[in-house]
Each structure stands twice: as C-alpha cells, then as structure tokens.
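The values are calculated or read from the model by the stated rules, or taken from the named source; none is laboratory data. All figures in this text were calculated on a predicted structure; none of them were measured in a lab. Surface accessibility is based on the protein's heavy atoms, side chains included, excluding ligands, DNA and RNA. Shrake-Rupley method; radii C 1.70, N 1.55, O 1.52, S 1.80 Å.
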Amino acid sequence: MRILFLADVFGSAGRRAVEERLPRLREELGAGFCVVNGENTADGRGLTPKLADKLLAAGADVVTLGNHVWARDEIGPYLAQSERVIRPANVASGSPGRALAVAPAADGTPVAVINVLGWLFLDVPLGPFEVIDQLVAEARGQARVVVVDFHAEATSEKIAVARWLDGQVTAVIGTHTHVQTSDARVQPGGTAAITDAGMTGPHDSVIGVEADLAIRRMRTGVPVRFRPAETGVRIEGVVVDCEADGRATAIEALRIEL
C-alpha cells in the first residue's frame, strides 16, 4: 500500500492547492490512502467545519490537527461527531473529538491514524509518552497499518517518539514546524519516520506568514496581526510504502512547486 501524507495546510493558498491538486496527485502517485494535517487551514490558525469538509471532499481520508485545534470555536461540536477529523490525544480530558480514526484505504484495507502533540515548548496537559502506548494498542487492535501524526516542536522529541514506536507502527510523521527535514528513513524495526514533513502553502513567507509582518514583530517586539502569505505555493509531505502487515518498506519526502 502507498500512503500519502500532506503536511500542515496553511491558509487559503494551501487549501486551494489541496483542492486543485490532491485528486490528481493521488492518482499519479498510486496512493491508496491520504492523511492531511489541516491545523492551519483557516487563515493560518485552526480549522473550521466548512474547511474540514473541503479537505475531505478533495481526497483526504483522515484530517489531523495540532496545537491550534481550538482556535476556531465552531470546531468543537464538529469534532464531537466527526469520525475522520481528529484532534491530538493529549489535550485536556473531556475535550470533544477523538485522537484515533480508522478508515478504509482504496482497496478496503483498514488504516488507523493517531494524532499526538509534543511536550517540549508546547502547552499540553500530558506528555506524549503518557498516552501513546495505549493509543497504539487500540489502533493495532483495529488495523495493521498505523500512521502517527506527531505534532511537535523539538526535533529530539520527534526522533525519540519515532525510535520508541519502531516496529509498532507503520510511520511516525512529524508536523508543526513547517520546515521539511531531510531525514526521511525506514528504521530497523520497519517504521518509517521523518522529523517534519513540511508545509503545504505559501513558502514565500516566514513559515506561512507574510514575511514583513513576521520580521517586524521579531525586530520590534510589538504585537502584529499576522496575515497568511499567498505566493511561492508548494505541496509538501511524504509518501510511505508498506506491506500488508504494516511494515514500511520506503518513505520519500514530497515537494511539488505550484
């Protein structure tokens, strides 16, 4: 099976790229399953129900989120009833929604997708190691192919989680920094990993934001209202190949200039 993962979709430019390109991209790559991280789709911060539905309609089988999960008030009731749009496992207990989704690939094979936040430099109630083992066990009870979206800041933490889960899941894909790393690999136990899959959106920017606004804030320390950039759009992510037993055989970083 081939799994396509599209990294953090940023703003309207990123969302349009997914809508316009994903259906054909799945066909070109022969991807039987697609995961999209949509946590920055709504003007660069959060996701709305309407935009979530657009990502699903474009060809995402599962949509994952991240630290901006609650940036849009209307997403809570939507997550409470959604089976294919998931939020991180280690947000506050009692939060609406689920952190694990199981959906069929094109050939009917069940694929489980897990969403977890990192602990370092992010404000979360629980560290990932407090929740990941139980989640993986639950996922493996329903599917042999298991994909983890690990939304985290620190490269060390991402590598540690990938190493810990080696041989237990198909892939551990890092998201959040919007900068694609060059360490895509299949680990000895058969788990594919990358520290960060990058960003689907406007790269003529500072990680998606209009560069002059981001630079002004950094130089002056004065609060600035950020706006998503619009130019230099590209699709980034990874393609993972795996066997029926869930063991990954290959992973390749994806970068498509639009």
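The table below gives the values:
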{"read-out": "Segment 125-258 - Rg (one decimal) and Dmax (whole number), Cα, Å", "value": "17.2, 54"}
{"read-out": "Folded to 0 to 90 degrees: helix 155-164 orientation relative to the chain principal axis, Cα", "value": "10"}
{"read-out": "Per residue solvent-accessible surface (Å²) - segment 91-131, probe of 1.4 Å", "value": "49"}
{"read-out": "List Glu138, Glu210, ordered by accessible area with a 1.4 Å probe, largest first", "value": "Glu138, Glu210"}
{"read-out": "Residues whose placed amide H lies under 5 Å from that of Asn90, excluding near-sequence neighbours", "value": "Leu117"}
{"read-out": "Kirkwood-based shape ratio for segment 1-88, expressed as Rg/Rh from alpha carbons", "value": "0.96"}
{"read-out": "C-alpha long axis of helix 11-29 to longest principal axis of the chain, angle in °", "value": "30"}
{"read-out": "Whole-angstrom gap from segment 190-258 to segment 32-50, using each part's C-alpha centre", "value": "13"}
{"read-out": "Directionally averaged projected area (convex hull, Cα atoms, segment 45-146), nm²", "value": "6.7"}
{"read-out": "With every protein chain in place, the chain: carbon and sulfur % of accessible area (1.4 Å)", "value": "49"}
{"read-out": "C-alpha long axis of helix 211-220 to longest principal axis of the chain, angle in °", "value": "70"}
{"read-out": "Arg255 - accessible surface, heavy atoms, 1.4 Å probe, Å² rounded to 10", "value": "130"}
{"read-out": "Cα shape, the chain, gyration tensor, a/c 1.5 rule", "value": "rounded"}
